[in-house]
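Q: Take a look at the following structure, please.
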Amino acid sequence: MKLSHEERKLIELIEQEAMLKRTERWSAINSGTRNLEGLSVQANELADAFATLPGEVALCDPAPVTSVDAEGREVALAHGRHLVLNVRPAAPYRFLLTGHMDTVYPVEHAFQQGRWLDADTLNAPGAADMKGGIAVMLAALQAFEASPAAESVGYDVMINSDEETGSLSSAALIAELAQGKAAALTYEPSALPDGTLAHSRGGSGNYSLVVTGRSAHAGRNPQDGRNAVVAAAALAISLKSMEHGELSVNPARIEGGSANNVVPDHAVLRFNIRPRNATAVEIFNADLQRLIGIIENGHEVSIALHGGISRPPKPVDERAQRLFDLVRRTGADLGQEIGWQASGGVCDGNNIAACGVPVVDTMGVRGGAIHSPDEYLIASSLAERAALSALVLHRLATGGLQ
Ligand SMILES: [Zn+2]
C-alpha cells in the first residue's frame, strides 16, 4: 500500500463499531419521504451526530412544492427539513458532501426492522440507501478533521429529506451549495455490491398533463362533448412515439372520466422521461409544446402542463473524470479495486453535476437490493468506504486534483 504516514494515521481513527451502531439505530427510524414525523426524529439524530464536526448545523425549511391531484388541481406537498452544515466557509478551496435521510419505505410498509442474514450482512430499511452511507460520510469527516490538512480547506454537508421523490424541495438548496465547490462527494451505495461506482447517468423528468374538455350526454348530444380521456389517450400514444435512442418515455397513468353515459370533461396523464443528454431534453421540451398545441386544436380541449426535468443528465466531463481517477487511485492504494459503469438511475449527483461541479455520487457503502425488503448492507464495507473517503478528502485537500 502506498500510503503516507499521515494517511495511515487517518485510517486508524475510523471506528467500524461506531458506524455500525449508528447505521442500526438510524435504520430503526422510519423516515419514508412522506413520514414528516419520522423525518423530524431522524433529522434531530443527524443534527446531534454532525455537531461533533466544526461549524454550525442548521435544519433548513423545505422549498414549497406542488403536485397535481386526480382532479387536476395543484395541491401543496409537504416535506421534511434538510440538514446543512457549513465548515470553514471562508476557505478558498471547498467541497460539497451530500446524502439523504429519507427512504422509500412508508410508515405503513411491512419492512421496518433490521435482521442479520449472516455475520457480515445486515438486512434493514435504508441500511445501504443510505443511512450506512451517512455513517460513512460522518466517520470520514471526523477522521479528516484530525489531519492538519483539514484546516486549509472547507466544506458544506447537505442531507436532504426528499431525494427518493426527486429532491423537489431541496433542488434549489443543492444548487446554491454547489456554487464554487471544487468537488463533490455523494454517499449513495455503490452501483454494484463489489464497490463499482456509478459513472455517467441519464436524467429524469416527471410530468402531468391536465386535460379539460367539455361534458355532454353520451346519447343525447355527444357531439357537444369534448372527450378529455380520448385526448389524454392520444397524448399518451404520441408521447410514446417520441422515443429514440437518447430518450425513453413512459406514459404511466391516466386518471379521469365519470359515468358511462357522460362524455368526460377531465383527465390527467402522468408520464416520466429518461433523457441521455441535454440535447434530448431540449428537443423533447420543444416537441412536447408542439404536441400539446396539436392535441388542443384537434380535440378542442385545453391542456395544462405541470412538472418537468427534476434530474438533468449527468455526463462525465474531463474534470469529473479526474475526480474518478483520484478515487480509483486512492482505492488502489488501500488495496480496494474500484471500477465504474454508467447507470440508468438518477440521484442528487445529477443536480450537482448540472452546476458544473465534478462529483462521484456512489461513495457510500457496498450492499444491494435497495428499494426492496431485501435491501442489505455489507457491514464490513463501512470501515472500508470510510477509509476511502477520508483519504480522498485528504488528497483533495493536499492538491490531488491539481
Ligand atoms: Zn439513495
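Q: Sort the following peptides by mean Cβ neighbour count (other Cβ atoms within 10 Å, averaged over residues), highest first: 133-141, 340-348.
A: Descending mean neighbour count gives 133-141, 340-348.
Q: Additional query: Take the chain, connect every pair of alpha-carbon atoms lying under 10 Å apart with a spring to form a Gaussian network, then pick out the residue of V153, V104, V263 with the largest mean-square fluctuation.
A: V263
Q: While we're looking at this one, here's another question. As a check on your grasp of the helix formula, calculate [θ] at 222 nm for the chain: sum -39500 (n - 2.57) over DSSP H runs of n ≥ 4, divide by the residue count, round to the nearest 500.
A: -10500 deg cm²/dmol, from helical runs alone.
Q: Run the simple label-point estimate for A28 and A78 please: 7 Å along Cα→C-beta, distance reported in nm.
A: 2.6
Q: Please work out the C-alpha center-to-center distance from segment 218-291 to segment 327-402 and express it in whole Å.
A: 39
Q: Using θ = phi - 60° and the Karplus relation 6.51 cos²θ - 1.76 cosθ + 1.60, list the HN-Hα couplings for segment 62-68 in order, rounded to whole Hz, with x at every Gly or Pro.
A: Per residue, the Karplus-derived 3J(HN,Hα) values read x, 6, x, 9, 10, 10, 9 Hz.
Q: Further question on the same structure: With θ set to phi - 60° and the Karplus curve 6.51 cos²θ - 1.76 cosθ + 1.60, what are the ³J(HN,Hα) couplings of segment 350-361 in order, to the nearest whole Hz, using x for Gly and Pro?
A: So the J values, rounded to whole Hz, are 4, 5, 5, 4, 5, 8, x, 9, x, 9, 10, 10.
Q: Also: Evaluate the relative contact order of segment 335-402 (contact order divided by residue number), counting alpha-carbon pairs under 8 angstrom at least 6 apart; express in whole percent.
A: Over segment 335-402, the number comes to 18 percent.
Q: Right, here's the next one. Just the number please: accessible area per residue for the chain, 1.4 Å probe, all protein chains included, in Å².
A: That works out to 42 Å² for each residue.
Q: Also, I was wondering about something else. Among the listed pairs K9/K131; K2/K131; K181/K240; K9/K314, which have their C-alpha atoms separated by more than 28 angstrom in this model?
A: K2/K131; K181/K240; K9/K314
Q: Could you report the accessible area of I370 in Å², rounded to 10, computed with a 1.4 Å probe on the protein chains as they sit in the structure?
A: 70
Q: Roughly what angle does helix 381-397 make with the longest principal axis of the chain, taking Cα atoms, 0 to 90 degrees, to the nearest 10?
A: Rounded to the nearest ten degrees, it is 80.
Q: Counting only residues 5 or more places away or on other chains, whose amide H sits under 5 Å from the amide H of S204 once H atoms are built in the peptide plane?
A: The list, which skips near neighbours in sequence, is S310, R311.
Q: Between D224 and L192, 0.36 nm times their residue separation minus their Cα-Cα distance comes to what?
A: 5.8 nm
Q: Quick one: Karplus J couplings for segment 240-248, per residue in order, coefficients 6.51, -1.76, 1.60, θ = phi - 60°, nearest Hz, x for Gly and Pro?
A: Once θ is set to phi - 60°, the couplings for segment 240-248 become 4, 6, 7, 5, 8, x, 9, 8, 10 Hz.
Q: Considering just Cα atoms, how many Å³ per residue does the convex hull of segment 33-116 enclose?
A: 150
Q: Could you tell me the calculated FRET efficiency between E37 and A110, based on Cβ-Cβ distance and R0 = 25 angstrom, to the nearest 0.05? All intermediate terms of the calculation are to be shown ahead of the outcome.
A: Working: r = 19 Å, r/R0 = 0.76.
Here the calculated transfer efficiency is 0.85.
Q: Using just the alpha carbons, could you tell me how many Å³ per residue the convex hull of segment 177-233 encloses?
A: Details: hull volume 10.9 nm³, N = 57.
Hull volume over Cα atoms, normalised by residue count, gives 192 Å³.
Q: So if R0 is 51 Å, what FRET efficiency would H217 and E151 give, r being the distance between their Cβ atoms, rounded to the nearest 0.05?
A: Using R0 = 51 Å, I get an efficiency of 0.05.
Q: Something else now. Just to be sure I understand the model, the point goes 7 Å from the Cα along the line to the Cβ. What's the resulting A259 to E282 distance in nm?
A: So the two model labels end up 5.2 nm from each other.
The values are calculated or read from the model by the stated rules, or taken from the named source; none is laboratory data. All of these numbers come straight from a predicted model, not from anything done at the bench. Neighbour counts run over all protein chains shown; Cβ positions are idealised from the backbone, glycine included. Each accessible area value is taken on the protein alone, full model and side chains, heavy atoms only, with ligands, DNA and RNA left out. Shrake-Rupley method; radii C 1.70, N 1.55, O 1.52, S 1.80 Å.
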